[in-house]
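Student: Take this structure first; my questions come after.
The values are calculated or read from the model by the stated rules, or taken from the named source; none is laboratory data. All values derive from a computational prediction rather than experimental measurement. Here the Cβ positions follow ideal geometry from the backbone for every residue, glycine too, while neighbour counts run over all protein chains shown.
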Amino acid sequence: MRKKTQYFILYSIICLIASLLTAGCGKPVLHKETRMLMGTMVSVEIVGNSSEAVALITEKVWAEAARLESVFSRYRPDSEISRINREAGKHPVPVSDEMIKVLSRAEDISRITEGAFDISVGPLMEIWGFFPQRKGRVPSDEEVASSMARVGWQAIELDRPAGTIQFAKMGMEIDLGALAKGYVVDRLVELLRKEGIDSAMVNAGGDIYCLGDNPGGRNWRIGIEHPRDEGEILTVLELKNRAVATSGDYRNYFIKSRLRYSHIIDPRTGRPARSKVVEVSVMAPDCMTADALATSMFVIGASNGINLLKEIEDVDGVIVTKEEDDIKLHFSDESIEPRRRRDRGEK
Ligand code: AMP
Ligand code: MG
């Protein structure tokens, strides 16, 4: 009799646990959606408990992405960045808190890269034919010199207590193309967290944040593509609660007289960066930092770039160089190299 009672209690407990699991949780679903935003493909993958709930959250994500586009897009005359570019040469312009956040991070990165990162490259992007249309052209030396007179990150005067921005030189234009996408990814991930999501991946044209585990319960694995051989994967990075941003000279470029001109400009020369770097992926706790640093590495070059990545806490990266046909990978830390490469003792 006592044994029967014990069995009954055990059976009841098992039933209770099973019903709680099925009623409250259900089987996790992976919901993936992709949209064209900010001139790039943005994809959101969410692991959640019900497709309806996850679909609702995804709608909120798209609404937030559209709002951010209306702040940071240089293609929209009514955006905050367009207003700054029109007016900050004439008088101090009030800016939003989030614009201050992005401008402050840009200033930090300019400082630590000694000016290799410089959001005031706007006028140079125009003469090299990367903005507003993509119709690459090689400007004359005079054009480069006259645009250079309107470039310089130290001439961006950010008054944080007053919440305003002013340009110290007339005709300056800022371009947030190197870090705004990363900022957008961070905001979307913050929204997902607030909605109770603890497993997701947000990817805005190669700027990625991996939240929690992948659907298989492991770290997310991000393939770094070959810069010249589309579809081939050079290496794989593993991430959890971390961002990775990739910049490449194969995304936005033109070729003239067999020379490749990419959209990352060396602010010291006023010309597209000429280091041997062809691709960079930087991992950081937030995507805006990863994005800005990845762009910077093109200007800094591989060996100084690796040294800088080693110096910055909680940041790592892989820089890909190309000399003739020789593609080389430079890792800032061997712990991020895929195990097979390390076991083979490859450099
Ligand atoms: P990304 O694709 O993140 O590497 O950013 C490239 C974009 O950053 C370009 O299209 C420009 O809008 C902008 N940019 C180009 N050169 C620089 C630079 N030296 N510092 C900061 N932003 C830059
Ligand atoms: Mg970038």
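Student: Taking A178, is it within 16 Å of ligand 1 (Cβ to nearest atom), surrounded by fewer than 17 Cβ atoms within 10 Å (Cβ to Cβ) and not assigned by TED's automatic domain parsing to the domain that holds M288?
Tutor: Details: within 16 Å of ligand 1 (Cβ to nearest atom): yes; surrounded by fewer than 17 Cβ atoms within 10 Å (Cβ to Cβ): no; not assigned by TED's automatic domain parsing to the domain that holds M288: yes.
When the stated conditions are applied, A178 does not pass them.
Student: Report the residue count in the range 265-275 for those that are surrounded by 14 or more Cβ atoms within 10 Å (Cβ to Cβ) and either out of contact with any Ser or Thr (no Cβ under 9 Å at 6 or more places or on another chain) or free of Cβ contacts under 8 Å to residues at least 60 places away in the same chain (or both). Show your work before the answer.
Tutor: Let us first name the residues in the range 265-275 that are surrounded by 14 or more Cβ atoms within 10 Å (Cβ to Cβ), namely 265-268, 270-275.
Right, trim to either out of contact with any Ser or Thr (no Cβ under 9 Å at 6 or more places or on another chain) or free of Cβ contacts under 8 Å to residues at least 60 places away in the same chain (or both) and you get 265, 268, 271, 273-275.
Here the count works out to 6.
Student: To continue, here is another question. Where residues in the range 163-177 are small (G, A, S) and touching a strand residue (DSSP E or B) at 6+ places or on another chain (Cβ under 8 Å), which of them is nearest to E98 (Cα to Cα)? Full working, then the answer.
Tutor: Narrowing the range 163-177 to residues small (G, A, S): 163, 168, 171, 177.
From what is left, the residues that are touching a strand residue (DSSP E or B) at 6+ places or on another chain (Cβ under 8 Å) are 163, 168.
On the way: G163: 11, A168: 22 Å.
Checking each candidate, the answer is G163.
Student: Answer with yes or no whether K135 is at pLDDT below 95 and either more than 20 Å from the chain's Cα centre (by Cα) or under 18 Å from L179 (Cβ atoms) (or both). If you could, list the steps in order and put the result at the bottom.
Tutor: Working: at pLDDT below 95: yes; either more than 20 Å from the chain's Cα centre (by Cα) or under 18 Å from L179 (Cβ atoms) (or both): yes.
Answer is yes for this residue.
Student: Here are E114, E98: which of them is farther than 30 Å from L211 by Cα and either outside the structural domain of N252 (by TED's automatic domain parsing) or within 24 Å of the chain's Cα centre (by Cα) (or both)?
Tutor: On the way: E98 fails: farther than 30 Å from L211 by Cα.
Answer to the selection: E114.
Student: All but one of (1) in contact (Cβ under 8 Å) with a residue 24 or more places away in the chain; (2) within 16 Å of ligand 1 (Cβ to nearest atom) hold for R111; state the number of the condition that does not hold.
Tutor: In the conditions (1) in contact (Cβ under 8 Å) with a residue 24 or more places away in the chain; (2) within 16 Å of ligand 1 (Cβ to nearest atom), R111 misses (1) alone.
Student: Further question on the same structure: Taking only pairs six or more apart or across chains, which ones have beta-carbon atoms under 7 Å, a first residue in the range 163-188 that is free of Cβ contacts under 8 Å to residues at least 24 places away in the same chain, and a second residue that is part of a strand (DSSP E or B) and not aliphatic (A, V, I, L, M)?
Tutor: From residues that are free of Cβ contacts under 8 Å to residues at least 24 places away in the same chain, the pairs are A168/E157.
Student: Take the residues in the range 188-219 that are of a type outside the set (V, I, T) and within 16 Å of ligand 2 (Cβ to nearest atom), then tell me which one is surrounded by the fewest Cβ atoms within 10 Å (Cβ to Cβ).
Tutor: Step one: filter the range 188-219 for residues of a type outside the set (V, I, T), giving 188, 190-196, 198-201, 203-207, 209-219.
Those left that are additionally within 16 Å of ligand 2 (Cβ to nearest atom): 203-207, 209.
Values: N203: 20, A204: 25, G205: 18, G206: 21, D207: 27, Y209: 28.
For the range 188-219, the residue satisfying everything is G205.
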